[in-house]
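Chemist: I have a structure I would like to understand better, so I am pasting it below and will then ask my questions one at a time.
The values are calculated or read from the model by the stated rules, or taken from the named source; none is laboratory data. Everything numeric in this text was worked out from a predicted model, so none of it was measured. Neighbour counts are summed over all protein chains in view; Cβ atoms, including those assigned to glycine, are modelled from backbone coordinates with ideal geometry.
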Protein chains: 2
Amino acid sequence: MARVFLAKEGGLPATDRGLAYGDGLFETIRVEGARAPLLSKHLDRLARDARRLGIAITRNEVQRIASEALVEGAETRGDEAWVLKLIVTRGAGGRGYRPDPDGEANVLVLEASAPPPPPAVGVRVDFSRVPLTVNPLLCGIKSLNRLEQVLAAKELEGDLFEVLMSNNAGDIVEGTRTNLFVDTDEGWRTPPAHTLAVSGVMRAHVLACLQQRGEPVFETTLSLADLMSDSCRGVYLTNAVLGIVPVAELAGQALPVNNRLATVCGLPTEIDGASC
Amino acid sequence: MARVFLAKEGGLPATDRGLAYGDGLFETIRVEGARAPLLSKHLDRLARDARRLGIAITRNEVQRIASEALVEGAETRGDEAWVLKLIVTRGAGGRGYRPDPDGEANVLVLEASAPPPPPAVGVRVDFSRVPLTVNPLLCGIKSLNRLEQVLAAKELEGDLFEVLMSNNAGDIVEGTRTNLFVDTDEGWRTPPAHTLAVSGVMRAHVLACLQQRGEPVFETTLSLADLMSDSCRGVYLTNAVLGIVPVAELAGQALPVNNRLATVCGLPTEIDGASC
């Protein structure tokens, strides 16, 4: 049974493995009042990633914890947009790195105000100088091991909204906190799941919506040339808190901006996030 | 100025970036009474890695914190061997992954009993199935991003003491918590610094001692064939808490065991660790 800690009452115990080794996961969930449109997808990912890492927590447990936090948050926040953050760790114990096979998860519940929405006219983006290395056993997992993203985020100065990170093969994979969709003459393109450091909940939502609407969408690697070619009709960043963000300028080059992706894949209004 | 937290009084604040992103460092320092023979090298690495990550803490600050902890630990521990652990994080704050450029470090001070010494007759070691991926900007840094080591350490069952991890190029790089020295007909070999996930303090001590004694020592990549060849006269693991550990069996094959490396590079007895 997971132990629940509320950030407003203090942090996790000093011996928690989340701090010691980044041995845990997190979700940042956008909420409007008590409605969290992508909650279901957040819970899916959290449960899936916990299984992959062998962290003892079920989807039902996290759902119960999230539901309580949503009700409580709604009482204090009213209709305001806010962010519910859940940190799920493997808990304490073990022999050094080796986990205690009977260990129980810790969950830390945090909340914050929502960040301001990105400008609708699009954002300025550049390429990161920090290489992205993705262990195949950890690909896509929103774990607490995020030092590469921290180093890359140090490059964000002034109105630079995001930097895109490339892997060892030269593929452009994702931003520090966003996944990537490219509108091309042939259809939508987004880097494949096994190459991702973090497989975003908004990415999953957008992919599902595009497929449901019958739009051609391909999970393929993206090169610099792909992004800079004439057939690139637009570049979009996705993030569960910020939504779908059009890129107006990439490495100094202007890009066409429209609302097509947001129109096709706007946020669902149902709390379970099952529909587009 | 860094804020100091004592584990016996509680953990770090809920918003600490060490927990959120693994945005920090740690050292585990072996102490006998109040003497920490490798303290100087631990402080060197901590200060160097903090500089590389841009975490605001100086060697003098950490030295002061460690010295106080050593004095206090000696009072309660007597002559017993124990382990002083320091976790240094970037502190709180920032905009998501992006650090606050004016942020101040947090330091968590923990202590534990020393683990039992490994058997002098040598230990059983195997190869890990978890690949090691090392970002060149993070190589050697003992950061809080240790999920790969956690996954590999899950393979340690029964009397299996350690597993050796390989990188994408097929080089055998290090154990989950140890660095690697191989005794060959041509001299000592150890994987080069830029390939390491963690550049161990005991590795630095052993390298310096071998060089000081005029022993031939080469920082070169190691393949499976190198470890299994007839010219391999012995394999040794190094760890600042456990010391120099001979390998008696590697992937089911017996290896010769002697005390030569321990004799050449036994632990210094001076607290500053400057001499061999």
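Chemist: Within 14 Å of chain B (Cβ to nearest Cβ) and in a loop (DSSP other than H, G, I, E, B): is that true of A:Gly11 in this structure?
Modeler: yes
Chemist: Separate question: Considering (1) surrounded by 22 or more Cβ atoms within 10 Å (Cβ to Cβ); (2) closer than 30 Å to A:Thr58 by Cβ; (3) free of Cβ contacts under 8 Å to residues at least 60 places away in the same chain, say which one A:Leu151 fails and leave the rest.
Modeler: Of everything listed in (1) surrounded by 22 or more Cβ atoms within 10 Å (Cβ to Cβ); (2) closer than 30 Å to A:Thr58 by Cβ; (3) free of Cβ contacts under 8 Å to residues at least 60 places away in the same chain, A:Leu151 misses just condition (2).
Chemist: Exactly one condition in (1) away from chain A (no Cβ under 11 Å); (2) under 26 Å from A:Gly91 (Cα atoms) is not met by B:Leu38; state its number.
Modeler: Failing condition for B:Leu38: (2).
Chemist: In segment A:95-133, what residues are within 13 Å of another protein chain (Cβ to nearest Cβ) and surrounded by 21 or more Cβ atoms within 10 Å (Cβ to Cβ)?
Modeler: Passing the criteria: A:Tyr97, A:Pro99, A:Asn106, A:Val107, A:Leu108, A:Val109, A:Ser128, A:Val130, A:Leu132.
Chemist: Let me spell it out: the conditions are (1) in a helix (DSSP H, G or I); (2) more than 10 Å from chain B (Cβ to nearest Cβ); (3) in contact with a Gly (Cβ under 8 Å, 6 or more places away or on another chain); (4) of a type outside the set (Ser, Thr, Tyr), and A:Ala47 meets all of them except one. Which number is the exception?
Modeler: Only one criterion is unmet by A:Ala47, namely (3).
Chemist: So is A:Ile87 outside the structural domain of A:Ala20 (by TED's automatic domain parsing), over 22 Å from A:Phe161 (Cα atoms) and surrounded by 22 or more Cβ atoms within 10 Å (Cβ to Cβ) or not?
Modeler: No: the conditions fail for A:Ile87.
Chemist: Separate question: Under 7 Å between Cβ atoms, at least 6 apart or on separate chains: pull out the pairs that start in segment B:210-221 with a residue that is part of a helix (DSSP H, G or I) and end on any residue that is surrounded by 15 or more Cβ atoms within 10 Å (Cβ to Cβ).
Modeler: Taking only residues 6 or more apart or on different chains, the pairs are B:Leu210/B:Trp188; B:Leu210/B:Val217; B:Leu210/B:Val264; B:Leu210/B:Cys265; B:Gln211/B:Val217; B:Gln212/B:Cys276.
Chemist: Further question on the same structure: Restricted to segment B:42-67, and to residues that are over 14 Å from B:Leu86 (Cα atoms) and in contact (Cβ under 8 Å) with a residue 12 or more places away in the chain, which residue is surrounded by the most Cβ atoms within 10 Å (Cβ to Cβ)?
Modeler: B:Ile55
Chemist: For the condition of a type outside the set (Lys, Arg), at pLDDT below 95 and under 13 Å from A:Trp188 (Cα atoms), what is the one hit in A:Leu237, A:Leu255, A:Leu227?
Modeler: A:Leu227 is the lone residue from the list that is of a type outside the set (Lys, Arg), at pLDDT below 95 and under 13 Å from A:Trp188 (Cα atoms).
Chemist: Now, a different point. Count, please, the residues in segment A:57-88 that happen to be over 16 Å from B:Leu147 (Cβ atoms) and within 13 Å of another protein chain (Cβ to nearest Cβ).
Modeler: 3
Chemist: Can you run down the residue pairs with Cβ atoms below 6 Å, 6 or more apart or on separate chains, where the first is in segment B:162-180 and within 11 Å of another protein chain (Cβ to nearest Cβ) and the partner is in a loop (DSSP other than H, G, I, E, B) and aliphatic (A, V, I, L, M)?
Modeler: Once the first residue is within 11 Å of another protein chain (Cβ to nearest Cβ) and sits in segment B:162-180, its partners that are in a loop (DSSP other than H, G, I, E, B) and aliphatic (A, V, I, L, M) give B:Met165/B:Leu132; B:Asn167/B:Leu132.
Chemist: Would you point out which residue out of B:Thr15, B:Thr76, B:Thr28 is at negative phi, without any contact (Cβ under 8 Å) to a residue 24 or more places away in the chain and among the hydroxyl-bearing types (Ser, Thr, Tyr)?
Modeler: The match here is B:Thr76.
Chemist: Would you call A:Leu70 assigned by TED's automatic domain parsing to the domain that holds A:Leu108, in contact (Cβ under 8 Å) with a residue 40 or more places away in the chain and either touching a helix residue (DSSP H, G or I) at 6+ places or on another chain (Cβ under 9 Å) or in a loop (DSSP other than H, G, I, E, B) (or both)?
Modeler: It is false that A:Leu70 is assigned by TED's automatic domain parsing to the domain that holds A:Leu108, in contact (Cβ under 8 Å) with a residue 40 or more places away in the chain and either touching a helix residue (DSSP H, G or I) at 6+ places or on another chain (Cβ under 9 Å) or in a loop (DSSP other than H, G, I, E, B) (or both).
Chemist: Still on this structure, please answer the following. Quick check on A:Leu156: is it in contact (Cβ under 8 Å) with a residue 12 or more places away in the chain and either in a loop (DSSP other than H, G, I, E, B) or surrounded by fewer than 23 Cβ atoms within 10 Å (Cβ to Cβ) (or both)?
Modeler: Here the answer is yes, as A:Leu156 does meet what is asked.
Chemist: Shifting gears a bit: Condition (residue is free of Cβ contacts under 8 Å to residues at least 40 places away in the same chain, within 20 Å of B:Gly96 (Cβ to Cβ) and under 14 Å from the mean Cα position of the chain (by Cα)) applied to segment A:137-147: is it met by at least one residue?
Modeler: Among the residues of segment A:137-147, not one is free of Cβ contacts under 8 Å to residues at least 40 places away in the same chain, within 20 Å of B:Gly96 (Cβ to Cβ) and under 14 Å from the mean Cα position of the chain (by Cα), which makes the answer no.
Chemist: From A:Arg146, A:Arg203, A:Arg189, grab the single residue that is modelled with pLDDT of 95 or more and within 14 Å of chain B (Cβ to nearest Cβ).
Modeler: From the options A:Arg146, A:Arg203, A:Arg189, the qualifying one is A:Arg146.
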